[in-house]
Each structure stands twice: as structure tokens, then as C-alpha cells.
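The values are calculated or read from the model by the stated rules, or taken from the named source; none is laboratory data. Predicted model only: the values in this text are computed from it and were never measured. Positions of Cβ are backbone-derived with ideal geometry, glycine not excepted, and every protein chain shown enters the neighbour counts. Ligands, DNA and RNA are excluded from the accessible area calculation, which covers all protein heavy atoms including side chains. Shrake-Rupley method; radii C 1.70, N 1.55, O 1.52, S 1.80 Å.
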Amino acid sequence: MPSTLVHLAFGGMIAAALLGSVFDRRSLLVVLAVVAAPDLDSFIALVSVAGHRTVLHTYLIPISAGLLLYADTRIRDRSFVRGRWGPEGARLAWVSVVALAFAGIGLDFVDHGVNPLWPLHDQFYVLDGRFEISDQRGIVQSYVDLSPDTEQSGPRSRGSSQEVNISTGVDPNPGGEGGGPDPDTVEDPERMFPVVRHGWQLAILVSGTVVTGARLWMGDVDEN
């Protein structure tokens, strides 16, 4: 599963690409804080069955935030966000919502899955599949089941929060001692805090760090 560092690297690229003239160290920190926030549900998992990749990994959060922001900036006669922080604040808020959806939650959605509609629908899903163009079979995809013969692999259900327990460095033995009735509790489980576990994660971590750092450096050069 992607580490928080990989999430932050991807979020940094989104900030660098979308913030435009609003991009600076302060706005970058806001976006990165929003991107990192979903992983805080690792601590919720210590006291609740509905924890990691559930409570703060639900897409109801960015959807609700986006609807509220749209109503405030597009429908209301006087926008609270624009009135308090100006057009720059509104842009930062929109970019933060996008970064949360794609970098904060989206990376986990395609790797081991999340509980995307909790608490309205308590079910883990992982978005996995393939999309190819064949000279013999035409378009080959497995994301949407268009016929009974289509190989279906995403999104697919993994079970509810009562059935799916994801190990983290904070809670290395979910479902065991302190996390549920598991008779095979490990007294001293190994705590693993991942950095990168796949090549694509390393690519995002390196490219995101380089792009974000370069954008900060370019901003400093322009100011001087």
C-alpha cells in the first residue's frame, strides 16, 4: 500500500500543477496537510473496528466539501471563502479538495482498496483492472462489465469494515488484541512503516518530490 510519503509526493505534484500563481510554501503545506489527513484513521483503528481506510477514506468527505465549496463560491451572493481569503483562498480550497480525492484517497483506492461510501454503505472496494487496444479484439477492458464474458476485476468488493482489517505501523495486528476478538494475537507484532513497496510508488515519490521542489525553487528565483 502507498506510504504517506507517496501520497504527499503525488499531492505536491497536484499542487504544483493547479495552484498557479497561488503556489508558495504556505499553500503547499495546506494541500499536503489535507492529503495526509486520511491516514490519521490509522489511530482511529486502535479504538474502533471501523478505522483505517474507512472513517477518513470515504469519498463522502471530498464530495461534501466540493458541494459546499461550489454552493459558497458559485451560488451564494457573497462567498464566505472569497470574503475571508480572497480568490486565492477559493483556488486553494478547490485544489485541496482535488488533492484529497486523488492523492489522499485515490492512491489507496487502486491499491488494496478503501471504504469509499462509509458510513452510508459499509463495503471495501478496490479499483483494479485493465484497458487495452488489441488489433484482433478491439478494446479490451475489465473496469465495466459490458457482457457476461467480460473479465471483471474492478471495482470489486472486499467486504465490510467488520471483515476487512488492514495492518499499519500504528496497528500492526488489526483484529487482534485491542482491535477485536482474535485468538491468535501476537504479543509483540512487528511494526512496519512502509516507504515504497512497488516501482510505481518509487516513481511517484521521486518525480513528485523533484517537481514540487523545482516549482518552489522557480518561485524563489522569480521573487529574486
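Couple of notes before you dig in:
- Pairs linking a residue in the stretch 209-224 that is in contact (Cβ under 8 Å) with a residue 60 or more places away in the chain to a residue that is hydrophobic (A, V, I, L, M, F, W, C), with Cβ atoms under 6 Å and 6 or more positions apart or on different chains, are Thr209/Ala9; Val211/Met13; Val211/Ala16; Thr212/Ala16; Arg215/Ala16.
- Meets criteria (at pLDDT below 95 and open to solvent by 90 Å² or more (accessible area, probe 1.4 Å)) for Leu40: yes
- Taking first residues from the stretch 26-48 that are of a type in the set (S, T, N, Q) and partners that are modelled with pLDDT of 90 or more, the Cβ contacts under 6 Å between residues at least 6 apart in sequence or on separate chains come to Ser27/Leu19; Ser27/Leu92.
- Residues of the stretch 14-26 classified as buried (at least 20 other Cβ atoms within 10 Å of the Cβ) and either of a type in the set (D, E, K, R) or not in a loop (DSSP other than H, G, I, E, B) (or both), total: 3
- The condition of being modelled with pLDDT of 90 or more, among the β-branched types (Val, Ile, Thr) and part of a loop (DSSP other than H, G, I, E, B) holds for Thr58.
- The conditions of being under 30 Å from Glu163 (Cα atoms), assigned to a helix (DSSP H, G or I) and hydroxyl-bearing (Ser, Thr, Tyr) are met by Ser64.
- When residues of the stretch 173-197 are limited to those that are at pLDDT 70 or above and open to solvent by 90 Å² or more (accessible area, probe 1.4 Å), the one farthest from the chain's Cα centre (by Cα): Asp188
- When we screen Thr54, Thr73, Thr58 for residues that are in contact with a helix residue (DSSP H, G or I) (Cβ under 7 Å, 6 or more places away or on another chain) and closer than 15 Å to Pro116 by Cα, the only hit is Thr54.
- Just one residue in the set Ile139, Ile61 is touching a Phe, Trp or Tyr at 6+ places or on another chain (Cβ under 9 Å), of a type in the set (A, V, I, L, M) and open to solvent by 30 Å² or more (accessible area, probe 1.4 Å); that residue is Ile139.
- So Ile75, is it out of contact with any His (no Cβ under 6 Å at 6 or more places or on another chain) and crowded, with 16+ Cβ neighbours inside 10 Å: no
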